1. Looking only at strands (runs of 3 or more DSSP E) that fall completely inside the range 1-102, which ones have 1 or more residues that are modelled with pLDDT of 95 or more and open to solvent by 50 Å² or more (accessible area, probe 1.4 Å)?
2. Across the range 152-183, what is the number of residues that are open to solvent by 40 Å² or more (accessible area, probe 1.4 Å), in a helix (DSSP H, G or I) and in contact (Cβ under 8 Å) with a residue 60 or more places away in the chain?
3. Restricting to the range 224-241, count the residues that are surrounded by 18 or more Cβ atoms within 10 Å (Cβ to Cβ) and touching a Lys or Arg at 6+ places or on another chain (Cβ under 9 Å).
4. With the requirement that a residue be aliphatic (A, V, I, L, M), more than 24 Å from Pro67 (Cα to Cα) and in contact with a Ser or Thr (Cβ under 9 Å, 6 or more places away or on another chain), what does the range 80-132 give you?
5. Being small (Gly, Ala, Ser) and either in contact with an Asp or Glu (Cβ under 6 Å, 6 or more places away or on another chain) or in contact (Cβ under 8 Å) with a residue 40 or more places away in the chain (or both) is the filter here; which residues of the range 207-226 pass it?
6. Which residues, taken from the range 206-246, are in a helix (DSSP H, G or I) and within 20 Å of Leu49 (Cα to Cα)?
7. Could you say which residue among Pro136, Pro129 is at pLDDT 90 or above, over 26 Å from Ala242 (Cα atoms) and either buried (at least 24 other Cβ atoms within 10 Å of the Cβ) or not hydroxyl-bearing (Ser, Thr, Tyr) (or both)?
8. Identify the residue in the range 150-175 that is touching a Pro at 6+ places or on another chain (Cβ under 9 Å) and hydrophobic (A, V, I, L, M, F, W, C) and, among all such residues, is modelled with the lowest pLDDT.
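The values are calculated or read from the model by the stated rules, or taken from the named source; none is laboratory data. In this text the structure is predicted, and so the values were computed from the model without any measurement. Please note: Cβ atoms are built from the backbone with ideal geometry, for glycine as well, and neighbour counts cover all protein chains shown. Areas reflect the complete protein model, heavy atoms only, side chains present, ligands, DNA and RNA absent. Shrake-Rupley method; radii C 1.70, N 1.55, O 1.52, S 1.80 Å.
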Amino acid sequence: MATPDAPSDPPKRQVGDLAYTDEGDGRTFLLVHGLPGSGRDFRWLAPVLAAHARVVRIDMPGFGGSPLSGGLDVDARADFVLAAVRTLGLEAPVVVGHSIGGVLATAAATRAPELFSGLVLVSSPGARPHRGFRIPRRTLAGLVSFGPTASLLRGTTQAFFRRAGFRHSSFEENRLTLQLVAQVSIEAHAARLARVDLPTLHAFAADDPLVEVEIMRDAAKLTQGQVLEVPDGGHNPQKHHAVEIGAAMRALFP
């Protein structure tokens, strides 16, 4: 494992409903976090990239500093990513998505490929359901959204997310996560992966506890993208292998 000497936590900036950070200079990387999460999920990768490039991290609606706005479906969330590109005047950024953020990055990149110069998917879902998607997502989302059952399931929900590695997310963030994940269609994501027409890098760990490594390897075949597979790092290799992932990104997108 290789990480920089210290993480990067620049102050948040705000434009309307968009909270973001902006650091470095040069080619732009636009970083989209997973669920639950925020731009802080890239605090170890950002300084590696910012030494040679501009790094913009956005908080998706309902997380970090961005208030909940817009729809909950993938297209609406991808619209937020596209709006961030236009609002911040980013010129042909490489869009980087971690976990479910990879679904949104893929949706944005296939809807408006002219806005981007590349795609990076870190521990992202593939073309068939992975472990985390084989739970009754829609049923759980309905139960935690209904007042009487939500209060009863608060403890169970928090325990589930802690076991999955999300130790600091609030019940409100976890509930929103279940609602958002229920909107994701793996079939639609598979179709988007097959339409990707940008240079693509897939980075993932062989010991990912949420997404099986074979699924991520197969996704790379769909995009005909490059692969960086590290032996460990779980679902967050962008933290534990920040130096290696940053180097692979700079090599593909100098």
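1. Numbers: elements: 13-15, 18-24, 28-32, 54-59, 94-98.
The qualifying strands (runs of 3 or more DSSP E) are 13-15, 54-59.
2. Qualifying residue count for the region: 2.
3. Here the count works out to 2.
4. First pass over the range 80-132, keeping only residues aliphatic (A, V, I, L, M): 81-85, 88, 90, 92, 94-96, 100, 103-105, 107-109, 112, 115, 119-122, 127.
Right, trim to more than 24 Å from Pro67 (Cα to Cα) and you get 92, 94, 112, 115, 119-122, 127.
Selection gives Ala92, Val94, Leu119, Val120, Leu121, Val122.
5. Just the residues of the range 207-226 that are small (Gly, Ala, Ser), to begin with: 219-220, 225.
Ala219, Gly225 - these are the residues of the range 207-226 that are small (Gly, Ala, Ser) and either in contact with an Asp or Glu (Cβ under 6 Å, 6 or more places away or on another chain) or in contact (Cβ under 8 Å) with a residue 40 or more places away in the chain (or both).
6. Let us first name the residues in the range 206-246 that are in a helix (DSSP H, G or I), namely 213-223, 237-240, 242-246.
Once the filter is applied, which keeps residues that are in a helix (DSSP H, G or I) and within 20 Å of Leu49 (Cα to Cα), the range 206-246 yields Pro237, Gln238, Lys239, His240, Ala242, Val243, Glu244, Ile245, Gly246.
7. Pro129 is the lone residue from the list that is at pLDDT 90 or above, over 26 Å from Ala242 (Cα atoms) and either buried (at least 24 other Cβ atoms within 10 Å of the Cβ) or not hydroxyl-bearing (Ser, Thr, Tyr) (or both).
8. So the residue we want is Ala164.
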